[in-house]
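Quick notes on the structure that follows.
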Amino acid sequence: MVALPLLVALALDPTAFDYDRSRPTAIETRSDAVEQHARVRDITFAGASGGRTAAYLVTPVKGRKGPGILFVHWYEPEAKDSNRTQFLAQAIELARGRATSLLVEPMWSDPEWFPKRRRADDYANSIREVKELRWALDVLMAQHGVDPKRIAYVGHDFGAMYGAVLAGVDKRPRAWALQAGTTSFSHWYLLGEKLDAAAKQKVIDTLAPLDPAAHIGKAAPSPILLQFARKDPYVTEARARDFFAAAGEPKTMLWYEAGHGLNEQAVRDRQAWLKKALRIR
């Protein structure tokens, strides 16, 4: 089940995720505040594909060299944290250990994104989103004091799945913490309007080169933490185990008695794992 996407992915144009790294980031600050030991800036920056990306930039108040973390939130329109606030408290806590964090708004930050999108655009939009995440890494790593050898990526739901693709094309993150992702984009992009068998297979075949399971193995030898929920209506245990099987070593899989949003224990476990992986005191 995992081997087939790996073979299909070989057909993906290796330049598909290239982007212009010479463009200015043009960061603009909308607000700036100090919370505990962290400086929290509400910013926008020029996107890789045009337009502007909103984000929180969380930096330690007392600066010295430390790790950098890119956080990418989940998509759950009815949840109050289906936006860049999802990981904000965790980023502020990690700033105590000199971590700088960038919490971005991806394409699914709009609660109406999923029903408004067109299936015909899913492949192109996915390519563009990975480019935007690569560009976000550029923005993060350009911040004063960020250690380029201690970069991590944290993503939940779509954030986990696009993170897995990113792991296949960008070696800069040295640690990956992914929550409640599944092995194929077609598992979710086929939700909604029903298709006949031929149309459904076309969607599956079109998206196969981008399947997270086809790319996550290339993250090795960087460590990976995969967190899953036993009561998740979107990610079955079989798909979760396939995702884990596709990842390279070293890897850790943790399970929680929770739904798709996971729980506070998952947060505590992830924070502890990040501190160890990034050598945060």
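The values are calculated or read from the model by the stated rules, or taken from the named source; none is laboratory data. Quantities reported herein were computed from a predicted structural model and do not represent experimental measurements. Reconstructed Cβ throughout: ideal geometry from the backbone, glycine too, with neighbour counts over all protein chains shown.
Below are the figures for this structure:
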{"read-out": "From Ala214, Ala152, Ala229, Ala167, residue being over 24 Å from Gln86 (Cα atoms) and aliphatic (A, V, I, L, M)", "value": "Ala214"}
{"read-out": "Some residue of region 239-261 being under 18 Å from Val72 (Cα atoms) and either charged (D, E, K, R) or assigned to a loop (DSSP other than H, G, I, E, B) (or both)", "value": "yes"}
{"read-out": "Selection from region 30-52 of residues that are touching a Ser or Thr at 6+ places or on another chain (Cβ under 9 Å) and not small (Gly, Ala, Ser)", "value": "Arg30, Arg39, Val40, Arg41, Asp42, Ile43, Thr44, Phe45, Arg52"}
{"read-out": "Cβ-Cβ under 8 Å pairs, at least 6 apart or on other chains, region 125-137 side at positive phi and in a helix (DSSP H, G or I), far side modelled with pLDDT of 95 or more and crowded, with 19+ Cβ neighbours inside 10 Å", "value": "none"}
{"read-out": "Any hit, region 86-96, residues being in a loop (DSSP other than H, G, I, E, B) and among the polar types (S, T, N, Q)", "value": "yes"}
{"read-out": "Out of Ile43, Ile127, sole residue that is under 17 Å from the mean Cα position of the chain (by Cα) and either surrounded by fewer than 22 Cβ atoms within 10 Å (Cβ to Cβ) or over 26 Å from Gly168 (Cα atoms) (or both)", "value": "Ile127"}
{"read-out": "Test: residue in region 67-86 that is of a type in the set (Lys, Arg), out of contact with any Pro (no Cβ under 7 Å at 6 or more places or on another chain) and closer than 16 Å to Val40 by Cα", "value": "yes"}
{"read-out": "Close pairs from region 36-64: first under 25 Å from Asp20 (Cα atoms), partner part of a loop (DSSP other than H, G, I, E, B) and of a type in the set (Ser, Thr, Tyr), Cβ under 6 Å, at least 6 apart", "value": "Phe45/Thr25; Ala46/Thr25; Ala48/Tyr19"}
{"read-out": "Of all residues in region 175-220 being of a type in the set (S, T, N, Q) and not in a loop (DSSP other than H, G, I, E, B), the one that is nearest to the chain's Cα centre (by Cα)", "value": "Gln179"}
{"read-out": "Scope region 138-165; condition outside any helix (DSSP H, G or I) and in contact with a Pro (Cβ under 7 Å, 6 or more places away or on another chain); matching residues", "value": "Asp147, Arg150, Ile151, Ala152, Tyr153"}
{"read-out": "Test for Ala142: is it over 22 Å from Arg172 (Cβ atoms), surrounded by fewer than 20 Cβ atoms within 10 Å (Cβ to Cβ) and aliphatic (A, V, I, L, M)", "value": "no"}
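Condition check ((1) within 28 Å of Met141 (Cβ to Cβ); (2) buried (at least 22 other Cβ atoms within 10 Å of the Cβ); (3) of a type in the set (Asp, Glu)) across all residues:
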{"residue": "Val165", "(1), (2), (3)": "yes, yes, no"}
{"residue": "Ala213", "(1), (2), (3)": "yes, yes, no"}
{"residue": "Ala240", "(1), (2), (3)": "no, yes, no"}
{"residue": "His260", "(1), (2), (3)": "no, no, no"}
